[in-house]
């Protein structure tokens, strides 16, 4: 079976710890529930991702070299 999360076209997904989450929420002046969502069943998520975790996704970008987005893990 192929591990989708290791494919070269899948961007890096990282689970943030609580201090990093607070920093992001303060920087963007949002609550967790206001973040875009990602389902727990998404094959790109790290295996240890749990519902309620915030995931940092770093994608390649033509204009800014890297684009960082955040997602809230939901059921």
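For the reader, a short list of remarks on this structure follows.
- Most simply put, the chain has about 80% antiparallel DSSP beta bridges, counting only bridges with both residues inside it.
- Fewest-first ranking of 9, 72, using other Cβ atoms within 10 Å as the exposure measure: 9, 72
- The chain - percent relative contact order, Cα under 8 Å, separation 6 or more: 38 percent
- The chain, helix-only ellipticity at 222 nm - DSSP H runs n ≥ 4, -39,500 (n - 2.57), divided by all residues, nearest 500: -4500 deg cm²/dmol
The numbers here are math on the coordinates, done by the rules we state, and not lab data. Keep in mind it's a predicted model, so treat the numbers as computed, not measured. Backbone-built Cβ (ideal geometry, glycine too); neighbour counts: all protein chains shown.
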